[in-house]
1. With θ set to phi - 60° and the Karplus curve 6.51 cos²θ - 1.76 cosθ + 1.60, what are the ³J(HN,Hα) couplings of region 94-105 in order, to the nearest whole Hz, using x for Gly and Pro?
2. Quick one: compute the contact order of region 43-116, relative version, from alpha carbon pairs under 8 angstrom and 6+ residues apart, as a percent.
3. For Cys72, Cys40, what's the fewest-to-most ordering of other Cβ within 10 Å of each Cβ?
4. Within region 64-122, report the trypsin sites (Lys or Arg not before Pro) that DSSP leaves as loop and that have at most 13 other Cβ atoms within 10 Å.
5. Taking 25 Å as R0, compute the FRET efficiency from the Cβ-Cβ separation of Thr48 and Met109 and round it to 0.05.
6. Can you pull the one-decimal nm distance between simple spin-label points at Asp101 and Arg127, each 7 Å off the Cα toward Cβ?
7. For Leu88, what residues show an amide H to amide H distance below 5 Å, using hydrogens built from the backbone and excluding near sequence neighbours?
8. Suppose the chain between Ser136 and Glu153 were pulled fully straight at 0.36 nm per residue; how much longer would it get relative to their current alpha carbon spacing?
Amino acid sequence: MILVTVGTEQFPFNRLMHWIELLLEHGLIDEEVVVQYGTCTELPSGTTVYRLLNEDRFRALIDRARLVISHCGEGSVLLLDRLAKPYLLVPRAARFQEHVDDHQVELAMALAQMGVPVGWTPADLVRFLVAPSHVSVSDLSQASAALLCRRLEERFGAMAGQSRCLPASPLAS
């Protein structure tokens, strides 16, 4: 079973729903798909759907799933990482009206550079479905943390003299 979860964000994530629908239509997914759809307004046919799930039901579905496809919210990343289940992150993007900003895109770019599976296109989903992998965020080395710091400095270093806020969550539980 594949679990697709988009969180509870106020913005629909219909782009991911279209990708799942496309893969189902073309037979690239041939197993049960369960979708937690939040505020999506278009849902893939042939799937079991839940608008919201309580924590117990959500964890039970994750336990049962062969793999998880999720939005790239910080909380989801940390939860999936702790559960050691193969997961693919698909970031919500502001340009598609899926979020107020592109922080999920920026997080996904940093995680992808560290080897965490990220889906930018339907083809990325297909590759992941064929060969799922799990790279634990909590197991990333100090070198990876240093790389992330360098990337942030490269991106925001030109803002010398300006204040910056970097929201962060602890990577270890």
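1. Couplings: 5, 5, 9, 6, 9, 6, 6, 8, 10, 5, 5, 5 Hz.
2. So the answer I get is 23 percent.
3. Least crowded to most crowded, the residues run Cys40, Cys72.
4. Those satisfying the criteria are Arg66.
5. 0.20
6. In this crude spin-label approximation the distance works out to 2.9 nm.
7. Excluding prolines and chain starts, which carry no amide H, the hits are Val68, Ile69, Ser70.
8. 3.8 nm
Coordinate-derived values only; no laboratory data. Computed from a predicted model, the values in this text were never measured in an experiment. Cβ: placed from backbone, ideal geometry, glycine included. Neighbour counts: every protein chain shown.
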